Structure formats: C-alpha cells, structure tokens
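> Before I ask anything, let me first share the structure, which is written out below as structure tokens.
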Amino acid sequence: MSNDPGVPAGYRPMRQAEVTQAMTAWAVALLHDPQKYPMLAVATAAFDGRRVLARVEWHPPDFLNETVHRGVTLYELVDDDSQAADGGPAEGVDLSHYQQAVKWDQLVKSGVSFAFIKASEGAGLLDASFVKYWEQAKDAGLLRGAYHFFRPRADPQEQAKLFLDQLEDPGELPPVLDVEVTDGVSGPVIVSKVSAWLDAVAGKLRRPLIYTAPAFWSVLSDVSSITAKADLWVAHWGAAAPAPVKGWRDWSFWQYTNKSHLSGIATAGNMDGNRFRASVRELRAYAANRAE
C-alpha cells in the first residue's frame, strides 16, 4: 500500500461537521466509480460558493472496515487570499456555443471565479453547449449562472418555461435575462413581457439579473416594474466605469470588454470580460445568499 500524499497545496481538510449532504452524495458517487476515479484521483466542485476538492485516498480501519480501505477525503480551498479575494473585483466569463474547446483548468488559473452560460433563447432554441459547459464549470469549481436571450416577439411564459426546464441544477448565481434587442416590438410591450418572465423565473429560483446596455435600456419606457425585482448586469465596454442605467442605482456585474484575453479559450482576444461588484469572497457570500 502506498501512503497518501500530504494535504493539497492551498487546501485544508474539512471537518465532518462542515460536510453537507450534497458534498457527501458527491463524494460517495466518486467512491463508487473506481474506473473514472482510481486511487489518488481528484475532482473539484463548488457548494454554495465554497470550493471543495475530493481526493480518493487510503483510509485507516474504522467500525465498518477492519482493514485499510479506499475512501474519499474532502478539502476546502483556503489559499485564495489574493488581491482578487480581498481587494480587487472577482473576474468572470460568459460562454455559449460560440466559444469552443474551453480548457477550464487554465481559466481557473487565470483568475476566473465565475461563469455565466447561455441556456436558451426565445421560445424554442437551446444552446448546444449549455449542458456540457454547465457540468464542466461545476467540476472546475466555478460559480455558475445561466442566462436566457430574450426575444420580445415570443411569449414570455414559454420563454421562462424553456429556460427553467434546463435548470434542474440551478447553479450558484442568479438566473439572467439578456435584454438587448427590440425585434420591432414597442418599448411598453417589451417591459411588460420582461416583467412577466422575471415573475415566472423568480418564483422558481431566486431574484434574477437583467443583462443590458445603458444605451439600449434608455429607449424603453417606465422600467420600474422590472428594476424593482431584478438586479443589473451592465454591458459597457472600454469605459473606466459603466454609465448609469435607468432605474438602477448600482450594478452587480459589469461586462467591461469584448476583447478579453483569457487563457483556456481558443477565441481569446474576442471574449467578453466580466467583473462582480466586489471581491471573490464577497461573491461567494452573494452566491450563498439565495434569497437575495
């Protein structure tokens, strides 16, 4: 029998009292899959903003096993006290089928801590990469949010249902409605339909985000029915700070560029760059507060 390696760098062993039912179920699944997870194999995942590493190890005899046996040990990431953790804003990406061959380990090493991933569009279009990216982002330990591209001509209830049907796993971040086209529909109708989508989705998940740009949003009519029940992910590229967006006092996420250079994505240089309003640690607290 080989000895287990030491505690992984940047992690600490988790106490039993800290391990949730979801973590236990995940560890048991790894334990029961020796082909995919042989001895000393590792996997990572995020649980309510906590990054956890599981490693298959030799465990000493216990009341169920009289000999040394295969087991799974859980560790929590602690070596994350960088500038991004305590000072600078948390950095993230948004992805759809347009981005190919994502190398998640490189994304994490580059400082990315969250990902918004396109799930659906209109009343009948599913993004071909969503299921794959949703699981891969979870395995990489990123905080995840799903987004729906809003089509003003389509029924908002059908759009909400299409989106919700993809989210058996709701992710850690709020659901997002991407509002950036009129499709020839008047402002008051867009506002009414967006409000209906928000009601349907918030009733199943948590308080949503609206993704939009200041210039686009400014042409809409009274938006109070929207801004009262959604937070803002603002798209404003190349600015020192995003311009004000009608109806919101502040933003939660900011898409600050469409020319981001990120290691791990083949289309680096033509990627959107995103920031949370505060540090990685505060982003995790935001993710954990599902009632926010």
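What follows is calculated from the coordinates using simple rules that are stated; it is not laboratory data. Everything numeric in this text was worked out from a predicted model, so none of it was measured. Every residue, glycine among them, receives a Cβ derived from its backbone with ideal geometry; neighbour counts consider all protein chains shown.
> Which translational diffusion coefficient, to the nearest whole µm²/s, is obtained for the chain from the Stokes-Einstein equation, given a Kirkwood hydrodynamic radius over C-alpha pairs, 25 °C and 0.890 mPa s?
In µm²/s, the coefficient rounds to 120.
> May I pose another question? Counting other Cβ atoms within 10 Å, keep those with at most 16, restrict to DSSP loop, and tell me which GluC sites (Glu not before Pro) in the range 114-210 are left.
In loop regions of the range 114-210 (DSSP not H, G, I, E or B), the sparsely surrounded GluC sites (Glu not before Pro) are Glu168, Glu180.
> Take the alpha-carbon positions of the range 11-77, form their convex hull, and give its projected area averaged over all directions (one quarter of the hull surface) in nm².
Across all orientations, the range 11-77 yields a mean hull projection of 4.6 nm².
> Can you sort Tyr11, Tyr98, Tyr147 so the residue with the fewest Cβ neighbours within 10 Å comes first?
Tyr98, Tyr11, Tyr147
> Sticking with this one: Set the Förster radius R0 to 30 Å, insert the Cβ-Cβ distance between Arg12 and Ala241 as r into 1/(1 + (r/R0)^6), and round the FRET efficiency to 0.05.
Between Arg12 and Ala241 the formula returns 0.20.
> Cross-link candidates for Lys36: which lysines have Cα within less than 30 Å, leaving aside residues fewer than 8 places away along the same chain?
Excluding near neighbours in sequence, the set is Lys103, Lys109, Lys118, Lys132, Lys138.
> How large is the helix-only mean residue ellipticity at 222 nm for the chain, computed as the sum of -39500 (n - 2.57) over DSSP H runs with n ≥ 4, divided by its residue count, in deg cm²/dmol to the nearest 500?
Numbers: 9 runs with 74 residues, N = 292.
Only helices count here, giving -7000 deg cm²/dmol.
> If each of His59 and Arg277 carries a label point 7 Å out from its Cα toward its Cβ, how far apart are those two points in nm?
Result: 4.3 nm between the two label points.
> Please report the relative contact order for the chain, taking Cα pairs under 8 Å with a sequence separation of at least 6, and give it as a percent rounded to a whole number.
17
> Peptides 127-133, 202-208: what's the order by average Cβ count within 10 Å, highest mean first?
Listed from highest to lowest mean packing, they are 127-133, 202-208.
> Hey, another quick one. Order these by the 10 Å Cβ neighbour count, fewest first: Phe47, Phe149.
Ordered by Cβ neighbours within 10 Å, fewest first: Phe47, Phe149.
> To test your reading of the geometry: what angle, between 0 and 90 degrees and rounded to tens, separates the Cα axis of helix 21-31 from the longest principal axis of the chain?
The two axes meet at around 60 degrees.
> Tell me, what HN-Hα J-couplings in whole Hz come from the Karplus equation 6.51 cos²θ - 1.76 cosθ + 1.60 at θ = phi - 60° for each residue of the range 144-149, using x for Gly and Pro?
10, x, 9, 10, 10, 7
> OK, next. Would you list Ser221, Ser260 from fewest to most Cβ contacts within 10 Å?
Final ranking by Cβ density, sparse to dense: Ser221, Ser260.
> If one takes the longest principal axis of the Cα atoms in the chain, at what angle in degrees, from 0 to 90 and to the nearest 10, does the Cα axis of helix 130-139 lie?
Approximately 40 degrees, to the nearest ten.
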